[in-house]
Amino acid sequence: MANHSGFTRRTPDIMTGELCAILSQKASFEFKPLYDLVYANLHARNAASGGDEMLRLRAYEKLQNLVHDGMVTKNAKKYRGDPAALLVVSTRLEEWRVAAKERTAALRAA
C-alpha cells in the first residue's frame, strides 16, 4: 500500500525560467529593471501571485542562487548571464516540467 502524505513535489520554478530567459540576452541588468521584466512576463502568463514584495524577494533569492552557481555574474550592481549555462538550466527545467506533467497524469489515471 502506498503512503500518500498529502505533500506533492512542486513543478519546476517558473521564476527561475523567466530569469534564465531574460539573462540569456547579451545585456546587463540592474535588479530593479530585471525584476520589472520578470514581473511583466509572469503577469502576462497569469503566474504572478503571492504579493509584489514576496515575489521580489523570491526573484532576488533565485538570482543570488544563479550567481552562486556561476551562471550569472555580478559586477557592481549589474547582473549578466552566461547564455550557455542558462540554456542548460532552461532545458533541465523544461524536462522537469514535462516529467511533472507525466507524473500528474499517471496519478490521475491510477
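The values are calculated or read from the model by the stated rules, or taken from the named source; none is laboratory data. The structure displayed is predicted, hence computed values, not measured ones. Counting neighbours? That spans all protein chains shown, and the Cβs are built from the backbone with ideal geometry, glycine included. All accessible areas refer to the heavy atoms of the entire protein, side chains included, with ligands and DNA or RNA removed. Shrake-Rupley method; radii C 1.70, N 1.55, O 1.52, S 1.80 Å.
Here are some notes:
- Residue in the stretch 62-77 that is touching a helix residue (DSSP H, G or I) at 6+ places or on another chain (Cβ under 6 Å), surrounded by 11 or more Cβ atoms within 10 Å (Cβ to Cβ) and at pLDDT below 90 present: no
- Per-region count, the stretch 20-61, residues in contact with a strand residue (DSSP E or B) (Cβ under 8 Å, 6 or more places away or on another chain) and either open to solvent by 70 Å² or more (accessible area, probe 1.4 Å) or not in a loop (DSSP other than H, G, I, E, B) (or both): 9
- Scanning the stretch 89-103 for residues that are under 19 Å from Val72 (Cβ atoms) and basic (Lys, Arg) returns a single hit, Arg92.
- Contacts under 6 angstrom Cβ, first residue in the stretch 24-49 being touching a residue at least 40 places away in the same chain (Cβ under 8 Å), partner part of a loop (DSSP other than H, G, I, E, B), 6 or more apart: Glu30/Lys77
- Meets criteria (in a loop (DSSP other than H, G, I, E, B) and either surrounded by 10 or more Cβ atoms within 10 Å (Cβ to Cβ) or in contact (Cβ under 8 Å) with a residue 12 or more places away in the chain (or both)) for Ala105: no
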